[in-house]
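Below is one structure, written out as structure tokens; the observations come after it.
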Amino acid sequence: MCGRFVTNFSMAELIGALESQEVDATSDFPSDEVHNFNGAPTQSFPVVIPGEAKASIVVARWGLVPRWMKDDKSAARMINARIETVREKPSFKGLLSRHRCIVPMNGYYEWNREDPKKKVPHYIHDARAGLSFAAGLWTLSPVTGDTPTFTMLTEQAPPEVAHVHDRAPVLVSGEWLRDWLFDQDAPVEAVTERQRHVLEARRVSVRVNSVRNNDEKLVDEEIELFGT
């Protein structure tokens, strides 16, 4: 799963990155910049949803709350959807036709659990790109009012980071990003067969374990700073 991620960019940077993917977008996000170095479930993030002529950058809360849910108590458990089974799960399959989205991020955190007594945090990102885009699903619910909620798709982790965790966000770019946003039919199978991003993983401080810690040093601290 992906349980924490980083959003550190301005809306101008995000719009420019989308334009480089041939996606025109406008921002309805309430601020010009977002600086969250330890983004966690139930927090709000900028999410890209398709519109008639352009995509829109909106504020959405991480943790899907389907319309049929009577409350949002399960939202923190609905942060990820496995791409292998997304067509089968009742909470997700109904959203594939009209409620696909893109979740921009700089990178994400995962924890290696080979030692059952110690979880070792890593920061994982595409070193070639300042911003990456994860495929997701979004919805509206009476429980959350005007605020959409979203879930992020995951898949088997690529070999270069699978030693940290066996799952990874479904990162898309180019035609796969555009198809995920705008195609009439959900391109689940095509996305699964796409050329994948090359990711890097580096060990970071255990400070990231607490959501109370939220500063830029979380992503770049080296092992020498806190021992083995």
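Looking only at residues of the range 92-118 that are outside any strand (DSSP E or B) and of a type in the set (Asp, Glu), we find that the one that is farthest from PRO46 (Cα to Cα) is ASP115.
Within the range 189-206, being over 25 Å from ARG128 (Cα atoms) and touching a residue at least 12 places away in the same chain (Cβ under 8 Å) holds for one residue alone: VAL206.
Annotation for the range 162-185: at least one member residue is closer than 20 Å to SER91 by Cα and in a helix (DSSP H, G or I). The single condition from (1) buried (at least 17 other Cβ atoms within 10 Å of the Cβ); (2) under 16 Å from the mean Cα position of the chain (by Cα); (3) of a type outside the set (D, E, K, R) that THR42 fails is (1). Taking first residues from the range 87-99 that are surrounded by 12 or more Cβ atoms within 10 Å (Cβ to Cβ) and partners that are in a helix (DSSP H, G or I), the Cβ contacts under 8 Å between residues at least 6 apart in sequence or on separate chains come to ARG87/LYS93; ARG87/VAL188; LEU96/VAL188. Do the conditions hold for GLU175, that is, is it over 21 Å from ALA53 (Cβ atoms) and of a type in the set (Asp, Glu)? Considered against the rule, which asks whether it is over 21 Å from ALA53 (Cβ atoms) and of a type in the set (Asp, Glu), GLU175 comes out as no.
Looking across PHE37, PHE45, PHE5, PHE9, one residue alone is among the hydrophobic types (A, V, I, L, M, F, W, C) and touching a His at 6+ places or on another chain (Cβ under 9 Å). It is PHE9.
Just to check your reading of the model, which residue among GLU33, GLU52, GLU88 is of a type in the set (Asp, Glu) and touching an Asp or Glu at 6+ places or on another chain (Cβ under 9 Å)? Walk me through it before giving the result.
Numbers: GLU52 fails: touching an Asp or Glu at 6+ places or on another chain (Cβ under 9 Å); GLU88 fails: touching an Asp or Glu at 6+ places or on another chain (Cβ under 9 Å).
Answer to the selection: GLU33.
Selection over the range 43-81 of residues that are within 27 Å of ASP24 (Cα to Cα), charged (D, E, K, R) and modelled with pLDDT under 95 gives a count of 2. Taking the range 192-217 as the range and being closer than 13 Å to GLU110 by Cα and not basic (Lys, Arg) as the test, the residues that pass are LEU199, GLU200, ALA201, VAL204, SER205, VAL206, VAL208, ASN209. You will find that of GLU155, GLU221, the residue that is farther than 24 Å from GLY51 by Cβ, surrounded by 14 or more Cβ atoms within 10 Å (Cβ to Cβ) and at pLDDT 95 or above is GLU155 and no other. Give the range 186-195 a look and list any residue that's in a loop (DSSP other than H, G, I, E, B) and surrounded by fewer than 16 Cβ atoms within 10 Å (Cβ to Cβ), or say none. Across the range 186-195, the qualifying residues are GLU193, GLN195. Condition check for GLU84 on (1) closer than 19 Å to GLU52 by Cα; (2) surrounded by fewer than 22 Cβ atoms within 10 Å (Cβ to Cβ); (3) modelled with pLDDT of 95 or more: one failure, at (1).
Specify which of the listed residues (GLY63, GLY16) is surrounded by 14 or more Cβ atoms within 10 Å (Cβ to Cβ), within 19 Å of VAL170 (Cα to Cα) and not hydrophobic (A, V, I, L, M, F, W, C).
Values: GLY16 fails: within 19 Å of VAL170 (Cα to Cα).
That would be GLY63, the only listed residue that is surrounded by 14 or more Cβ atoms within 10 Å (Cβ to Cβ), within 19 Å of VAL170 (Cα to Cα) and not hydrophobic (A, V, I, L, M, F, W, C).
State whether one or more residues within the range 199-206 are among the aliphatic types (A, V, I, L, M), touching a Ser or Thr at 6+ places or on another chain (Cβ under 7 Å) and part of a helix (DSSP H, G or I). No, that holds for no residue.
Do we find a residue being more than 18 Å from the chain's Cα centre (by Cα), farther than 27 Å from MET69 by Cα and surrounded by fewer than 22 Cβ atoms within 10 Å (Cβ to Cβ) anywhere in the range 134-152? Looking for residues that are more than 18 Å from the chain's Cα centre (by Cα), farther than 27 Å from MET69 by Cα and surrounded by fewer than 22 Cβ atoms within 10 Å (Cβ to Cβ), one finds none in the range 134-152, hence no.
The values are calculated or read from the model by the stated rules, or taken from the named source; none is laboratory data. Bear in mind that the values here come from a model prediction, so they are computed numbers and not experimental data. Cβ sites come from the backbone with ideal geometry, for glycine too, and all protein chains shown count toward neighbours.
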